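Everything below concerns the one structure shown next.
The values are calculated or read from the model by the stated rules, or taken from the named source; none is laboratory data. Every value quoted in this text rests on a predicted model; they were computed, and no experiment measured them. Cβ: placed from backbone, ideal geometry, glycine included. Neighbour counts: every protein chain shown. Accessible surface areas use protein heavy atoms only, side chains included; no ligands, DNA or RNA. Shrake-Rupley method; radii C 1.70, N 1.55, O 1.52, S 1.80 Å.
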Amino acid sequence: VYQASDLFVLPSNSEGFPVSIQEAMSCGLPVITAKDRGYESYGLDEKFFMMLKNSDSESVKKAINEVLNNEEHLQKMSEYSRDYSVKNFSWDSNTDTIENLYQSILKTKKNKPRIAFISDAIYDFNKGGKEKRLNDITKKLVHSGFDVTVYCMKWWEGDNKYTKDGIKYKAICKYYPLYHNERRSIKQAVIYALSCLKLITKRFDYMDVDHIPHLVLFTTKFVCLVRRKTLIVTWHEVWGRKYWKKYLGNMWGEIAYMIEFVTSRLPDKIVSVSDHTTSQLETILKVKGNVH
């Protein structure tokens, strides 16, 4: 789809630096998006990476027409996207960083270390940025000789486990919808978190947990304490008190923020997916020292 397009437009706000834009840039697509704090630390040239202060329909339409009607500038934006992506978005370099973190935790190196990834949603049953990231990184890790198992909800029919691209997928609970009335389901979060207690009987050298939904960090921390393992958590985004209250209202928003704050203290190591997320972990949640 990217290769068949002339332009990539993502006018939504509060996206950080999403995988969709990174993929579009890697395909050499010029990008139009909303101006967001998530892009500030990346040194992007706004002449060739267009960020709109106002991303309403008229502003987006005007920007699209301006870009498409200037073939020379369109080509320069395309070249900029491709060059920037090659330098910054390599899965190999990202995976090397994670491998080095894993190996630093083990006291002795193993030929085929076992990694347990904990994620309720997986690609390509649920096609989001975090699922795509997990899919691509686990493929690389398998290629590098790691024994990878992803523990998730049961998104598929038949047996509770299957293998694809060398990655083992095992369901620890049945599928529950991620959303209820357009908000993340509390029922799903609770059931999945409690189901993670089953991991206490599983064999693994490292556990890498998706921090969404936050409740899962309580049970996986318990498992790691009992098993004497290091809890690694992949952190995708920080909401903070203001956004939680906007999302859930004052009372529930305050409770949700406190859960976010407390769970950010549970990991032994945090893998932050972006500079923006790292900055928010340090400034909003006051996490220091264990963010990678």
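Observations, loosely collected:
- Taking first residues from segment 69-97 that are over 15 Å from R133 (Cα atoms) and partners that are part of a helix (DSSP H, G or I) and open to solvent by 60 Å² or more (accessible area, probe 1.4 Å), the Cβ contacts under 7 Å between residues at least 6 apart in sequence or on separate chains come to L74/L68.
- Filtering segment 159-180 to residues that are part of a strand (DSSP E or B), open to solvent by less than 100 Å² (accessible area, probe 1.4 Å) and touching a residue at least 12 places away in the same chain (Cβ under 8 Å) leaves I167, K168, Y169, K170, A171, I172, C173.
- Per-region count, segment 203-256, residues under 19 Å from S279 (Cα atoms), part of a helix (DSSP H, G or I) and open to solvent by 50 Å² or more (accessible area, probe 1.4 Å): 3
- Within segment 75-83, the presence of at least one residue that is in contact with a Gly (Cβ under 7 Å, 6 or more places away or on another chain), surrounded by 13 or more Cβ atoms within 10 Å (Cβ to Cβ), of a type outside the set (G, A, S) and more than 28 Å from K198 (Cα to Cα) is confirmed.
- Residue match in segment 280-287 (condition: within 16 Å of the chain's Cα centre (by Cα), crowded, with 17+ Cβ neighbours inside 10 Å, modelled with pLDDT under 95 and assigned to a loop (DSSP other than H, G, I, E, B)): no
- Within segment 265-286, residues that are farther than 17 Å from P18 by Cα reach partners that are open to solvent by 70 Å² or more (accessible area, probe 1.4 Å) with beta carbons closer than 8 Å, at six or more positions or on different chains, in the pairs L266/F218; K269/H292; I270/H292; E282/K288.
- Answer residue from segment 101-120, given it is farther than 18 Å from L231 by Cβ and without any contact (Cβ under 8 Å) to a residue 60 or more places away in the chain and is least open to solvent (accessible area, probe 1.4 Å) among those: T108
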